[in-house]
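The values are calculated or read from the model by the stated rules, or taken from the named source; none is laboratory data. Model, not experiment: these values are computed from the prediction. Reconstructed Cβ throughout: ideal geometry from the backbone, glycine too, with neighbour counts over all protein chains shown.
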Amino acid sequence: MATKKDYNKLALALHKRLQGKLEVVSKGKLKTKDEWSTMYTPGVGAVSSHIAKKPQDARTYTMKGNSVAVVSDGSAVLGLGNLGPLGALPVMEGKCAIFKEMASIDGFPIVLGTQDTEEIIAAVKAIAPTFGGINLEDIAAPKCFEIEERLKKELDIPVMHDDQHGTAIVVLAGLINATKVIKKQLESSKVVIIGAGAAGRAIALLLHKAGVQEVLVCDAKGIIYEGRSDLEGYKKDLAKRTNPNRIEGDVMVALTDADVVIGVSGPGTIAQAHIKQMAKDPIVFALANPIPEIMPVDAKRAGAAVVATGRSDFPNQVNNSLAFPGVFRGALNNKVSVITDDMKLAAAKKIAGLVKKPTAKEIIPAVTTPNLVKMVASVIKDK
């Protein structure tokens, strides 16, 4: 029997040896006088003057056309909580490595020494001229919603909070195929989301966009419904767009006869008793990382027909990397200024379509699937 690898130990050793995952490499040489005179002064002055007259050409003459800033304040790093900017930096480096390896995009990790909403918005706006897109990452709810919405309105380049929308795209892709496996229609399925943070909200809204008629969202106090007295802000808005039958109660009530449960919360929030309360052949997406809401073996013992997690060591990994490289590749290629819900929906369908014959063990493609980025990028364009 093969010894199980300790990836925590291996990762610490790798990062120490590499001293980070990124480096800057020049596209041109600086070996001769002519190279110095064209790469830098005096020739670069002509390029600067040209761009000053025609700002739109910055995409062609500089790195702007193929670069994305990956920005975090470190307030919600993975499932580990508020680790601050330096704690977030290895994750942002990893996202940039994925951008480069999968989509040939130059990603730049930017960790901010502030967790104030207005200061984050001001900082991103100040650096935005350098980049062709902004990937917001690991910023806690609810401030992440205002930050993204404000930046989308105030910048002329695409802005996407991947924890929300990358997750939602891949979840929808997985559900499209999972419901095929159990021979049910996604639109008429009852879907329960446990966790009302950034990912939970985005998943609920994209499922609504996809035509799913009954979506219930649960927070720590139970089912969110219109009229619940303690709801404020985005949860109050979420109540208006979900739970059409105004069901009240706890998670057990929500999951009664449910076809799908999606966990975006934390370990232990889905129990075998919950799954036994669901409809026949339930679908369980336990997406908390690194420890899912329920382990796949326990979900299956309770009757789950299809199980997905956020981990690579189990079948059906719901991995944002299936979405965000292609989304930004398409946005940069097609000079998209706003990534719309229609684009996200189209991306989810493209990802789902890469699995030709879905089974309980394969509802989502691998990140190594040929043409994955190209297929997703093809639908990120203005109509």
For this session: Quickly run through region 241-268 and pick out the residues that are part of a loop (DSSP other than H, G, I, E, B) and among the small types (Gly, Ala, Ser).
Result: Gly249, Ala258, Ser265, Gly266, Gly268
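Listed here are the residues, each with its yes/no results for (1) outside the structural domain of Ile105 (by TED's automatic domain parsing); (2) at pLDDT 95 or above.
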site	(1), (2)
Lys5	yes, no
Val24	yes, no
Thr38	yes, yes
Val70	no, yes
Exercise. Taking Val297 and the conditions (1) surrounded by fewer than 16 Cβ atoms within 10 Å (Cβ to Cβ); (2) closer than 26 Å to Ile182 by Cα; (3) β-branched (Val, Ile, Thr); (4) outside the structural domain of Ile193 (by TED's automatic domain parsing), which numbered condition does it fall short on, given that it satisfies the others?
Worked result: (4)
For this session: Answer yes if at least one residue in region 65-74 is in contact with a Ser or Thr (Cβ under 8 Å, 6 or more places away or on another chain) and without any contact (Cβ under 8 Å) to a residue 60 or more places away in the chain, and no otherwise.
Result: no
Exercise. Do we find that Val170 is under 30 Å from Ala58 (Cβ atoms) and either among the aliphatic types (A, V, I, L, M) or assigned by TED's automatic domain parsing to the domain that holds Ala286 (or both) in this structure?
Worked result: no
Exercise. Given the structure, is Ala288 in a loop (DSSP other than H, G, I, E, B) and either outside the structural domain of Ala210 (by TED's automatic domain parsing) or over 29 Å from Asp162 (Cα atoms) (or both)?
Worked result: no
Seminar exercise, completed: Filtering region 72-113 down to residues that are modelled with pLDDT of 95 or more and among the small types (Gly, Ala, Ser) yields Ser72, Gly74, Ser75, Gly84, Gly87, Ala88, Gly94, Ala97, Ala103, Ser104, Gly107, Gly113
For this session: Could you please let me know if Lys344 is of a type in the set (D, E, K, R), surrounded by 24 or more Cβ atoms within 10 Å (Cβ to Cβ) and touching a residue at least 12 places away in the same chain (Cβ under 8 Å)?
Result: yes
Seminar exercise, completed: Condition set hydroxyl-bearing (Ser, Thr, Tyr) and assigned to a loop (DSSP other than H, G, I, E, B), scope region 1-58, selection farthest from Asp106 (Cα to Cα): answer is Thr3
For this session: Could you list, in sequence order, all residues of region 113-132 that are of a type in the set (A, V, I, L, M, F, W, C) and in contact with a Leu (Cβ under 9 Å, 6 or more places away or on another chain)?
Result: Ile120, Ile121, Ala123, Val124, Ala128
For this session: Could you check how many residues of region 56-83 are at positive phi and either crowded, with 18+ Cβ neighbours inside 10 Å or over 20 Å from the mean Cα position of the chain (by Cα) (or both)?
Result: 1
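Each row is one residue, and each column tells you yes or no for (1) in contact with a Ser or Thr (Cβ under 7 Å, 6 or more places away or on another chain); (2) part of a loop (DSSP other than H, G, I, E, B); (3) not aliphatic (A, V, I, L, M).
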site: Ile270; (1), (2), (3): no, yes, no
site: Pro292; (1), (2), (3): yes, yes, yes
site: Val297; (1), (2), (3): no, no, no
site: Ala308; (1), (2), (3): no, no, no
Exercise. Val159: under 14 Å from the mean Cα position of the chain (by Cα) and modelled with pLDDT of 95 or more, yes or no?
Worked result: yes
Exercise. Here are Ala123, Ala88: which of them is of a type in the set (A, V, I, L, M), crowded, with 23+ Cβ neighbours inside 10 Å and more than 20 Å from Phe328 (Cα to Cα)?
Worked result: Ala88
For this session: Would you be able to tell me the number of residues in region 205-240 that are part of a loop (DSSP other than H, G, I, E, B) and among the aromatic types (Phe, Trp, Tyr)?
Result: 1
For this session: Would you check which residues across region 318-334 are part of a loop (DSSP other than H, G, I, E, B) and modelled with pLDDT of 95 or more and list them?
Result: Ala323, Asn334
